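The values are calculated or read from the model by the stated rules, or taken from the named source; none is laboratory data. In this text, all values refer to a predicted model and were calculated from it rather than measured experimentally. Positions of Cβ are generated from backbone atoms using ideal geometry, with glycine treated the same way; all protein chains shown enter the neighbour counts.
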Amino acid sequence: MNSLKDLNLSFNSHLTSLPKSISNLINLKKLSLESCSSLRILTLTPRHLPLSLEELNLSNSSCLQGIKSYSSSSEDIIPNLRVINISGIQLQWISFKNYSSLENIILQSNANLQFLDLSGTKITKFPLEGICKPHLNGLTRLDLLGVKHIYSVHWNDIDWLPLEVYWDECGDGSIEHMQIPLSKWRKEGSGGVFLSLTSANILQTLSPSSQLWETCLSRFLVYICPCADRGKGKAAHPQKKLSQYKNINTRLNPCPPCHERCLEIEGGNLFRRGIAVLSHTNFLYLHDSTFKLFSNLGLENMNALTECRIERCHEIEVIFDVPITKINQPLLTCLEKLQISNLMKLTYMCTSEQTLNKGSFSSLKHLQLEYCARVVKIFSSGVFLENLKVLDIKFCARLEEIFSGEHEQGSFPQLQTLFLSELPSLKHIVRDVPLLSLEKAQIKGCLKLRTLPISSSRGRAMVDTTIVIKGESEWWEQLEWKDNNMKHQICFIPWKPFKYPRGS
């Protein structure tokens, strides 16, 4: 019996458990327990099965109530198990975690399966390829932590995805460091797929026109982060320590709106241009990465983007660097909100070799820039922000101009709210172009700003043109006016001196 290599116990309706003696079959390679309708528990340990076992067939053992696998230690697993067939098994939870030789798992008609853990295995094929949803209709979570041998996915052979797929090489599955909380995203909408990945390479073969974008990926949250960079985004935000600006931060940072399609990229410096997920993303959150050019992600692929946040990416010098060969179409036509924070090398927000195509940034309503110490100018001439309503800039020590160069009259026809804080080098907001819709401004720490782009010829009756400006009295008295009548149409509110709390 010691030489037995293949044991077939299939269709044995009386087999309720395996005899312990089976572990003595030291040369056994294949074991078939197909359609053993009375088999209830199978324990995968060297004390119950031989170490030599390579293939195990459990298909259609419909009464199987549990597969006991102790994967915490390499001594408790079957080290040579390469292939396992669990088709037709009605278990809700199956784990083959740390079965480092497992190359192939066969699934079919596992409608009750809710959780499948293949972390640390050697599988070479994405387990859902070629499987129709009815066969795994209950699967809500798939763990592929530490799986390194799937080099590409045949997305055309995939009809659906479970609600959560943890597919990274870090092996811990922790998502506490994410900036977009998964629980909050779940509450804000219905359904959707969450993918946790180490890199975007696995998405390279997913076409922008794939049917998955209309079905299971009609709502998604994709988190991409190399193992070495996980958790860097939890560093304390410096602005949270500045309590005198708490009222400004609270007003400008309400709870984010519900985004159906979200992409968070943490860390890393490589992201292949043209990844399809970008062309379907509504909210992009990029932080703690070493990208040098944000535009390398492919601005032409971001026309579904409505909100973008970029934080603590200290190698970025220009956000939107648009060479002449790339401006044959309007860019970022759906972008409504842009927030930039803590980019230590940022010099310009947008540079272009010529005027951007009409329609670029045409939906931008809210622009926020903070803690970018090297930025000198934000937008050059040729940018027409026709729907910009809120402009919020603070703590940019070298900023001299917000909109540089010459702009056409009416370049910013909707700008209503202006917040400028601690910009000691700021001299101009925009030259020779009045802000026709300005209603409110808060300006602090901008002592070199001597003129405001407002005029009494605002095209509205005097009673409707009152502007509320809050600022420092010293700055207000030094302002220079091209139109002295304009000063009388402004309601000025002095900024109260900041008082440190007692005991500080």
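Looking at this structure, is Leu7 more than 45 Å from the chain's Cα centre (by Cα) and either at pLDDT 90 or above or under 19 Å from Ile123 (Cα atoms) (or both)?
Yes.
Would you check if Val390 is among the aliphatic types (A, V, I, L, M), modelled with pLDDT of 95 or more, out of contact with any Lys or Arg (no Cβ under 6 Å at 6 or more places or on another chain) and surrounded by fewer than 21 Cβ atoms within 10 Å (Cβ to Cβ)?
Details: among the aliphatic types (A, V, I, L, M): yes; modelled with pLDDT of 95 or more: yes; out of contact with any Lys or Arg (no Cβ under 6 Å at 6 or more places or on another chain): yes; surrounded by fewer than 21 Cβ atoms within 10 Å (Cβ to Cβ): yes.
Here the answer is yes, as Val390 does meet what is asked.
Mind checking which residues of the range 171-230 are in a loop (DSSP other than H, G, I, E, B), of a type in the set (A, V, I, L, M, F, W, C) and either at pLDDT 95 or above or closer than 11 Å to Val277 by Cα (or both)?
Ala200, Leu206, Leu217
Where in the range 2-93 are the strands (runs of 3 or more DSSP E), entirely inside, with at least 1 residues that are free of Cβ contacts under 8 Å to residues at least 12 places away in the same chain?
Values: elements: 6-8, 30-32, 41-44, 55-57, 66-69, 83-85.
Qualifying strands (runs of 3 or more DSSP E): none found.
Give just the number: which of (1) surrounded by 18 or more Cβ atoms within 10 Å (Cβ to Cβ); (2) of a type in the set (Gly, Ala, Ser); (3) at pLDDT 90 or above does Ser295 not satisfy?
All conditions pass for Ser295, except number (3).
Kindly provide the set of residues from the range 427-459 that are in a loop (DSSP other than H, G, I, E, B) and under 15 Å from Trp476 (Cα atoms), ordered by number. Talk me through it step by step, then tell me what you get.
From the range 427-459, those in a loop (DSSP other than H, G, I, E, B) are 427, 431-439, 445-459; that's our starting set.
Within the range 427-459, Lys427, Gly445, Cys446, Leu447, Lys448, Leu449, Arg450, Thr451, Leu452, Pro453, Ile454 meet the criteria.
Taking the range 289-324, which residues are touching an Asp or Glu at 6+ places or on another chain (Cβ under 8 Å), under 19 Å from Leu356 (Cα atoms) and of a type in the set (Gly, Ala, Ser)?
The answer is Ser295, and nothing else.
Inspect the range 404-412 for any residue being at pLDDT 85 or above and either over 25 Å from Asn328 (Cα atoms) or not charged (D, E, K, R) (or both) and give the result as yes or no.
Here is the first cut: in the range 404-412, the ones at pLDDT 85 or above are none.
The answer is no; no qualifying residue exists.
Looking at the range 142-158 only, could you name the residues that are more than 23 Å from Ala228 (Cβ to Cβ) and crowded, with 16+ Cβ neighbours inside 10 Å? Talk me through it step by step, then tell me what you get.
Step one: of the range 142-158, the residues more than 23 Å from Ala228 (Cβ to Cβ) are 142, 152-158.
Once the filter is applied, which keeps residues that are more than 23 Å from Ala228 (Cβ to Cβ) and crowded, with 16+ Cβ neighbours inside 10 Å, the range 142-158 yields Leu142, Val153, Trp155, Ile158.
Would you pick out the residues in the range 417-436 that are surrounded by fewer than 17 Cβ atoms within 10 Å (Cβ to Cβ) and either more than 16 Å from Phe403 (Cα to Cα) or among the acidic types (Asp, Glu) (or both)? Walk me through it before giving the result.
Filtering the range 417-436 for residues surrounded by fewer than 17 Cβ atoms within 10 Å (Cβ to Cβ) gives 424-425, 427, 431-432.
Hits for the range 417-436 are Pro424, Asp432.
Going by what's in this entry, would Ser411 be described as over 31 Å from the mean Cα position of the chain (by Cα) and either surrounded by fewer than 18 Cβ atoms within 10 Å (Cβ to Cβ) or not assigned by TED's automatic domain parsing to the domain that holds Met486 (or both)?
Values: over 31 Å from the mean Cα position of the chain (by Cα): yes; either surrounded by fewer than 18 Cβ atoms within 10 Å (Cβ to Cβ) or not assigned by TED's automatic domain parsing to the domain that holds Met486 (or both): no.
The answer is no for Ser411.
Looking at the range 248-268 only, could you name the residues that are in a loop (DSSP other than H, G, I, E, B) and either modelled with pLDDT of 80 or more or under 15 Å from the mean Cα position of the chain (by Cα) (or both)? Spell out how you get there, then give the answer.
Going residue by residue through the range 248-268, those that are in a loop (DSSP other than H, G, I, E, B) are 253-260, 267-268.
The answer is Pro256, Pro257, Cys258, His259, Glu260, Gly267, Gly268.
Go through the range 132-145 and give me each residue that's assigned to a loop (DSSP other than H, G, I, E, B), at pLDDT 90 or above and either of a type outside the set (Val, Ile, Thr) or closer than 18 Å to Asn85 by Cα (or both).
If we filter the range 132-145 for residues that are assigned to a loop (DSSP other than H, G, I, E, B), which is where we start, we get 132, 137-140, 144-145.
Remaining after also requiring at pLDDT 90 or above: 138-140, 144-145.
Within the range 132-145, Gly138, Leu139, Leu144, Leu145 meet the criteria.
Are there any strands (runs of 3 or more DSSP E) wholly within the range 290-389 with 1 or more residues that are closer than 27 Å to Ser421 by Cα and over 26 Å from the mean Cα position of the chain (by Cα), and if so which?
On the way: elements: 307-311, 318-322, 337-341, 348-352, 366-370, 377-379.
Correct list: 377-379.
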